[in-house]
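What follows is a set of notes on a single structure, which appears directly below.
Read-outs: derived from the displayed coordinates by stated rules, not from any lab. Just so it is clear, the model here is predicted, and its values are computed rather than measured. Every residue, glycine among them, receives a Cβ derived from its backbone with ideal geometry; neighbour counts consider all protein chains shown.
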């Protein structure tokens with residue numbers, strides 16, 4: 001019989017609050033995402049200037065991964081299975097704004113490179129030196145069955161030792177990130193019910 | 001020219017989101033790429049957009065960029081000679 005998989009750690013970013021394994025590590029009343037994420041990044045004393053060049057979705061995903069993985073060793077074989085509802089729409093709208101007016105037509109290359117949702121996974125992969133699988137699903141709601149099956153397959157087929165999964169949603173000022181690490185050891189059993197509760201609560 | 005250089009440094013910091021760098025940190029002769037400010041290829045494209053948007057300069061030959069974007073000195077010199085706004 002297959003050995004069960006577990007969730008070893010998880011992080012959440014929502015409503016100006018960042019937590020790891022349920023413990024708050026940062027909180028601010030700052031209402032604007034831009035100011036909140038900058039404060040949070042500085043608070044974590046992360047030395048990575050490329051953060052400031054990222055779009056908001058990538059900043060959200062990057063920070064959620066950073067607080068979760070900063071004590072992880074051997075990250076090369078961690079796969080990424082991310083999902084959200086709005087894809088890269090937040091950045092798509094900003095980019096559209098730069099090409100909307102023919103008299104003021106200045107498309108920004110730096111904005112354009114973020115007009116794909118899976119770029120945020122790429123930023124995480126680059127930061128942590130991951131060389132495993134990477135996929136990004138877009139659906140109206142967190143699809144626990146798909147994410148569960150995908151993560152389980154990656155580990156059982158030896159394509160990855162661990163899988164960083166979750167929901168990274170952002171559009172304008174609405175944001176929520178829930179990331180969790182699936183592996184062979186952990187505290188909570190990896191089931192569709194567990195991950196649904198983790199992401200949707 | 002000095003005013004243009006200071007203005008240019010501010011615009012570079014703004015458009016390239018160089019959060020931890022101030023105008024005072026950039027020397028006129030600092031290399032913008034490589035060991036200097038450490039800009040990358042996407043930054044180079046943003047600088048081309050900056051020339052167009054702020055100074056009305058369209059670079060027809062991308063190869064020109066290498067010498068133009070060498071430093072603030074070379075950028076300011078090129079802008080002063082070619083600006084249309």
Segments A:14-25, B:52-63 sorted - mean Cβ within 10 Å per residue, highest first: A:14-25, B:52-63
Kirkwood estimate for chain B, i.e. one over the average of 1/r between Cα atoms, Å: 12.7
Span from the the stretch A:131-197 Cα centroid across to the the stretch A:3-46 one, whole angstrom: 17
Mean separation of Cα contacts under 8 Å, 6 or more apart, over the residue count of chain A: relative contact order %: 33
Average projected area [Cα convex hull, the protein assembly as shown], square nanometres: 17.1
The stretch A:70-201: Rg to Rh, with Rh as the Kirkwood radius over Cα pairs: 1.05
Cβ-based exposure ranking for B:3, A:66, in which fewest neighbours within 10 Å come first: B:3, A:66
For the stretch B:42-85 versus the stretch B:14-40, the gap between their alpha-carbon centres in whole angstrom: 15
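Report, in deg cm²/dmol and to the nearest 500, the calculated mean residue ellipticity at 222 nm for the protein assembly as shown, where each DSSP H run with n ≥ 4 adds -39500 (n - 2.57) and the sum is divided by the residue count.
After summing the helix terms and dividing by the residues of the protein assembly as shown, the value is -12000 deg cm²/dmol.
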Residue exposure sequence - A:60, B:45 - by fewest surrounding Cβ within 10 Å: B:45, A:60
